[in-house]
1. How long are the three semi-axes of the equivalent ellipsoid of segment 41-120, in whole Å, if each is the root of 5 times an eigenvalue of the C-alpha gyration tensor, listed from largest down?
2. Once both labels are modelled 7 Å past Cα along the beta-carbon direction, what's the residue 74-residue 111 spacing in nm?
3. Enter the per residue convex hull volume of segment 5-159, computed from alpha-carbon coordinates, in Å³ rounded to the nearest integer.
4. Between residue 133 and residue 66, with labels modelled 7 Å along Cα→Cβ, what's the label distance in nm to one decimal, could you check?
5. Once fully extended, how much extra length lies between residue 24 and residue 150, figured as 0.36 nm per residue of separation less the alpha-carbon to alpha-carbon distance?
6. Among 153, 105, which comes first, second and so on when ranked by fewest other beta-carbon atoms within 10 Å?
7. Highest GNM mean-square fluctuation, the chain, Cα pairs closer than 10 Å: which of 64, 107, 120?
8. Multiply the residue gap between residue 143 and residue 6 by 0.36 nm, knock off their C-alpha separation, and tell me the result in nm, one decimal place.
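No lab work stands behind these numbers, since they all come straight from the coordinates. Model, not experiment: these values are computed from the prediction. Glycine also receives a Cβ, built like all others from the backbone with ideal geometry; neighbour counts cover every protein chain displayed.
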Ligand SMILES: CC(C)(COP(=O)(O)OP(=O)(O)OC[C@H]1O[C@@H](n2cnc3c(N)ncnc32)[C@H](O)[C@@H]1OP(=O)(O)O)[C@@H](O)C(=O)NCCC(=O)NCCS
């Protein structure tokens, strides 16, 4: 299990680092599994803008003062779970998902959900190891400019209290 990891609420000064981790991890988990229009829409500027807009719903994992991952929760949805590439497989994602589940519970919900792109095998294996249940495929309208893009995803759910 990871040691020397500090989990804390994100602050505005974290947004640029969160955007960097998000952009890189998004490419790792999505390219080849989502339509090309969505890849084209996910520019550096789009991650910068979106990271800043959701920073108050985000917790970060930090090692020696460097943010290495983050999780974003809105209501009962775990919207984002991302780790920098060189920190995967070290138990830090477990800490982030624990925090996400606590946040859903604190938001007054007994059940959490998330959407994961169907082809993102590593993320799906991670959620399944953590006791999340695959409720099956659905078409997710991913927000994008100039228009939303339909993406084949799996809906996962877990009881959190
Ligand atoms: C998803 C993510 C947060 C998980 O964190 P992690 O530290 O990599 O997770 P773990 O290593 O604990 O678990 C991943 C599991 O997938 C397995 N795995 C690795 N590569 C795999 C692959 N190509 N196919 C299937 N399973 C794979 C690992 O063996 C591990 O399973 P195990 O614990 O039973 O051995 C991290 O990989 C990440 O940031 N990915 C890029 C961003 C992303 O896809 N985020 C999720 C968006 S919904």
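1. Numbers: eigenvalues 77, 57, 38 Å².
Semi-axes from the Cα gyration tensor: 20, 17, 14 Å.
2. 2.1
3. On the way: hull volume 16.1 nm³, N = 155.
Spelled out: Cα convex hull of segment 5-159, divided by residues, is 104 Å³.
4. The modelled label-to-label distance comes out at 4.0 nm.
5. Working: separation 126, 0.36 × 126 = 45.36 nm, distance 2.13 nm.
Using 0.36 nm per residue and subtracting the Cα-Cα distance, I get 43.2 nm.
6. Numbers: 153 20, 105 16.
Ranking 153, 105 by Cβ neighbours within 10 Å, fewest first, gives 105, 153.
7. In the Gaussian network model the winner is 64.
8. Working: separation 137, 0.36 × 137 = 49.32 nm, distance 3.14 nm.
Separation in residues times 0.36 nm, less the Cα-Cα distance, equals 46.2 nm.
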